Every structure is written in C-alpha cells, then in structure tokens.
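Written below as structure tokens is the structure these notes are about.
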Amino acid sequence: MDLLPICPTQAGYGADFRDGIIQISLDGGSPRSRVDIPGGAYSINVQWVVQEDDYSLLQGFYRRQKRSGFAGFLADLVLDTSGLERYEATFQAGSFRLTSKSGPVFTVTASMWVYPLAKYEDPETDPYEYILDLIPYYGSVENVRRMMNLLEKLVNVDWPND
C-alpha cells in the first residue's frame, strides 16, 4: 500500500468523527441511542499548500490512486491524538481539486475516508481509557504520565534489581 508522499497542511484539515451511534429524537425527552456500526470511516477534508515539484508529485499520486479505483493508501495524520499517526485512507471520488495557484504555490484540497486505528476502538488498548479514570486523582494528563513513568521504573528497574 502506497504512502501519501506529502502530509496535508495541519492548519488545513478537519474531520467528521463518525461515532457509529444512531440517535432518535423523542418528544419531551432525551434521545434514544444505540450502536450501529462501530469503527466506521472518518470523513476528513484536507489541504496541501505546495511548490511546483510537490504539486506534480501529489498529482501523480492522485492519478495512481484513480487508476487503482481508489484502492487505498497510508497517510500520516493528526486525528485521534495530538501526535502524527499512520492511517489507512482513500480519496472520496470527485473531491481532489486545485483550489488556487499563485506563482509557484499551489493549493490543493480533497476529501478522504480514513479508517480509525484499532487501538483506539478497543478500551483495552486505548491509552486514554486509563488516563480518564486517573484524572480525578492526579488532576492532569501530565501528572498521570509522571506517575505512570515512576510506576514503570519501580516495576521494571527497581524491583528486579533487589
């Protein structure tokens, strides 16, 4: 599977995190909710602001994807956390556009379907599941991480060496 050669401009994209929940509004009360299809793809809009060579590279990548019937590719994106992670994605047909050209600078936009990472779908592997439980006791994510680092040192370094 190909890797998207140029990361989208981080200030130039947004995501619709489809949560797999169906809600029905009820008169005079709160809505009823149920799980529909967990792990459904996110819809994201991305933008690239690139120079001439990178524009040609991006167009070549898009043409390759188009010829494959939008079979999919890997893309490094900031979605589920504040860090860059590698996702499986595909372009939404008809969404790849050159939106402006100013001298040697090209602005390209597209919409993509991005599949969520399995580690965030399962509460056993989602690192923020335990952090949410510990926040009331430690007050911040930074304090929880500090405590976990101390615990990791205690269990893996201090105790085995006694």
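The values are calculated or read from the model by the stated rules, or taken from the named source; none is laboratory data. Quick caveat: nothing in here was measured; it's all calculated off a predicted structure. Counting neighbours? That spans all protein chains shown, and the Cβs are built from the backbone with ideal geometry, glycine included. Protein only, heavy atoms only, side chains kept; ligands, DNA and RNA dropped before computing areas. Shrake-Rupley method; radii C 1.70, N 1.55, O 1.52, S 1.80 Å.
Scanning region 39-68 for residues that are under 20 Å from the mean Cα position of the chain (by Cα) and either among the small types (G, A, S) or assigned to a loop (DSSP other than H, G, I, E, B) (or both) yields G39, G40, A41, S43. Scanning region 38-88 for residues that are within 30 Å of I22 (Cα to Cα), aromatic (F, W, Y) and at pLDDT 95 or above returns F73, Y87. Of the residues in region 9-25, at least one is more than 28 Å from V141 (Cβ to Cβ), touching a Lys or Arg at 6+ places or on another chain (Cβ under 6 Å) and surrounded by fewer than 16 Cβ atoms within 10 Å (Cβ to Cβ). Of all the listed residues (T125, T90, T107), the sole one being among the β-branched types (V, I, T) and touching a Ser or Thr at 6+ places or on another chain (Cβ under 8 Å) is T107. Taking the condition under 22 Å from D122 (Cβ atoms), more than 20 Å from the chain's Cα centre (by Cα), not charged (D, E, K, R) and not in a helix (DSSP H, G or I), does S25 pass? Spelling it out, it is not the case that S25 is under 22 Å from D122 (Cβ atoms), more than 20 Å from the chain's Cα centre (by Cα), not charged (D, E, K, R) and not in a helix (DSSP H, G or I).
Residues that are open to solvent by 40 Å² or more (accessible area, probe 1.4 Å) and touching a helix residue (DSSP H, G or I) at 6+ places or on another chain (Cβ under 8 Å) were ranked within region 40-68; the one that is nearest to S95 (Cα to Cα) is Q47.
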